[in-house]
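**Q** Just dropping this structure here.
No lab work stands behind these numbers, since they all come straight from the coordinates. Model, not experiment: these values are computed from the prediction. Heads up, the Cβs are rebuilt from the backbone with ideal geometry, glycines too, and the neighbour counts pull from every protein chain shown.
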Amino acid sequence: MALEENRRAITLQNQQLEVEKQRAVRAAQLQEREYNQAVIRTRIQEINNALVQLATVKAPYPGTVKRLKWQGQDDRLLTVELTVDVDSPTGRSASLSR
């Protein structure tokens, strides 16, 4: 009878150890997942910041863009012909192509 109780106690202890092992594995997986998500969020923010910088164009003159003609692209360099209706100090507009 005592032998049977010992076997049950050992079986129960082994089951408890297995449950603890599974919990530890799950905790490690969750920690790794959270880390990977943080890395991805950081990378997305870096890409968004780079896109903002790429999309920013500052006009050299006050005026209105009248025409934009695509010239080409070399790697990250875009070439365009921009026609601007420039506001002149006299109140009249003048066309400028650069």
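**Q** For the range 70-78, just list the computed ³J(HN,Hα) in residue order, Karplus coefficients 6.51, -1.76 and 1.60, θ = phi - 60°, integers in Hz, with x standing in for Gly and Pro.
**A** 6, 9, x, 9, 10, 6, 9, 9, 9
**Q** Less than 15 Å Cβ to Cβ from ILE47, Lys/Arg counted +1 and Asp/Glu -1: what total charge do the surrounding residues give? Spell out each step's value before the answer.
**A** Values: positive: ARG41, ARG43, ARG76; negative: GLU46.
With Lys, Arg at +1 and Asp, Glu at -1, the net is +2.
**Q** Here's something else I'd like to know. Round to the nearest 0.05 the FRET efficiency obtained for LEU68 and ARG41 when R0 = 25 Å and r is the Cβ-Cβ distance. Could the numbers behind the result be given before it?
**A** Numbers: r = 35 Å, r/R0 = 1.38.
E between LEU68 and ARG41, to the nearest 0.05, is 0.15.
**Q** Assuming R0 = 35 Å, what is the FRET efficiency of ASP75 and ARG33, from their Cβ-Cβ distance, to the nearest 0.05?
**A** Details: r = 36 Å, r/R0 = 1.02.
Efficiency, rounded to the nearest 0.05: 0.45.
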